[in-house]
Amino acid sequence: MSDPTALGADQRLALADRFRLGLTTADWDLIRSLLTDDVVWTLPGDNTVSGTVRGAAAVIERIRLIASYGVHFDFRHTLLSRDNLALSLHNTAERDGRVLDEHLATVCFLRGERIGAIETYVSDVPGMNAFFV
């Protein structure tokens, strides 16, 4: 049985579009408005952006840190499950002779009308580790 408070497909697509807009325009307030206060985000690897952060402020700080490395976020697809959504991205950057070229699936677990948890899957964890030093 589905959660009666779950967003419909159109609402989840609109939330994904707002997240993408916030990220591509560095609108941190917009992104913050999409997160629960106690959101948790987990990234694989062993580098400056890896691990688990808790709280909306920590998630925004991590996004800002990733963006500060000059990462270009190329959104490929929004994928929907029954109650949640995932974003397919291709992130690229070049900095100090290091190259980032990775495909990601960022899975957003929704709580009501906001993102309550995020887990990111990365195609090249060693490459990510080498880039984010």
If we keep just the residues of segment 2-19 that are modelled with pLDDT of 95 or more and surrounded by 16 or more Cβ atoms within 10 Å (Cβ to Cβ), which is farthest from L79 (Cα to Cα)?
-> F19
Residue under evaluation V59, criteria (1) surrounded by fewer than 18 Cβ atoms within 10 Å (Cβ to Cβ); (2) outside any strand (DSSP E or B); (3) at pLDDT 95 or above, criterion not met = (1)
Inter-residue pairs, beta-carbon under 7 Å, first on the phi > 0 side of the Ramachandran plot and of a type outside the set (A, V, I, L, M) and in segment 101-113, second surrounded by fewer than 16 Cβ atoms within 10 Å (Cβ to Cβ) and not in a strand (DSSP E or B), 6+ apart = G112/T5
Single residue of segment 62-90 satisfying the filter (surrounded by 14 or more Cβ atoms within 10 Å (Cβ to Cβ) and among the small types (G, A, S)) that is nearest to F109 (Cα to Cα) | A86
State whether the residues of segment 96-118 include one that is modelled with pLDDT of 95 or more, part of a strand (DSSP E or B), touching a Phe, Trp or Tyr at 6+ places or on another chain (Cβ under 7 Å) and of a type in the set (K, R).
-> yes
Those residues of segment 112-123 which are surrounded by fewer than 16 Cβ atoms within 10 Å (Cβ to Cβ) and among the charged types (D, E, K, R), in sequence order | E113
Return yes or no: is L43 more than 15 Å from L110 (Cβ to Cβ), at pLDDT below 95 and of a type outside the set (S, T, Y)?
-> no
Does any residue in segment 61-83 that is among the charged types (D, E, K, R) come within less than 8 Å, Cβ to Cβ, of a residue that is assigned to a helix (DSSP H, G or I) six or more places away or on a different chain, and which pairs are these?
-> R64/W28
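The values are calculated or read from the model by the stated rules, or taken from the named source; none is laboratory data. Not measured: the values here are computed from a predicted model. Every residue, glycine as well, gets a Cβ built from its backbone with ideal geometry; the counts of neighbours run over all protein chains shown.
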